[in-house]
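Right, one structure below, let's go through it.
The values are calculated or read from the model by the stated rules, or taken from the named source; none is laboratory data. Just so it is clear, the model here is predicted, and its values are computed rather than measured. Quick reminder, even Gly has a Cβ in these numbers, built from the backbone with ideal geometry, and neighbours come from all protein chains shown.
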Amino acid sequence: MSNQVTDTGIIVKIDNNFATITIKSTDNCKDCGIRFLCSPGSDREKTITLENTINAKVGDRVAISEASNILLKLSFLQYGLPLIGFLLGILITTQMKIQLKPVELFQFLCGLLGLGLAGIISYLIIKRMAKKPSKLFVFEKIR
């Protein structure tokens, strides 16, 4: 399994079997598709908590890699779920016997409502993922 190194960081805290890693923010952070999974820290630093699978110690320098399929999962949450909400909003209203004129405008507005609701659900799922110790990344010690 070959993982692409996302960034390097330093372990600042070990709690039970979880390591908190501090990563320096770079210009690449603003273009990163998974940037919302890092919690903002102080002075251009971000932190992420991962399972300590390598028995690292505080102060160790580590390389962080994306786990497999992370971008596919996050892309579905960011784009696929809202698209499904939009289509469901339209399809559900086509099954209703609405007597409004123009019906297409009502269907479109219901599609936008479905898009908005699915977007909020997606946002809440991603926000909850960001607060938990991440299984979306793996790390290894740099020697």
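Here are the numbers for this structure:
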| read-out | value |
| --- | --- |
| Matching residues, the stretch 91-105, being surrounded by 16 or more Cβ atoms within 10 Å (Cβ to Cβ) and of a type outside the set (S, T, N, Q) | none |
| First in the stretch 108-129 and closer than 17 Å to L74 by Cα, second anywhere and at pLDDT below 95 and of a type in the set (S, T, N, Q), Cβ under 8 Å, 6 or more apart | S122/Q78; I126/Q78 |
| Hits in the stretch 79-98 - residues which are among the aliphatic types (A, V, I, L, M) and under 19 Å from I120 (Cβ atoms) | L81, L83, I84, L87, L88, I90, I92 |
| Criterion violated by L105 - all others in (1) in the same structural domain as D60 (by TED's automatic domain parsing); (2) over 30 Å from K57 (Cα atoms) satisfied | (1) |
| Some residue of the stretch 77-84 being surrounded by 14 or more Cβ atoms within 10 Å (Cβ to Cβ), among the aromatic types (F, W, Y), farther than 19 Å from T20 by Cβ and outside the structural domain of T20 (by TED's automatic domain parsing) | no |
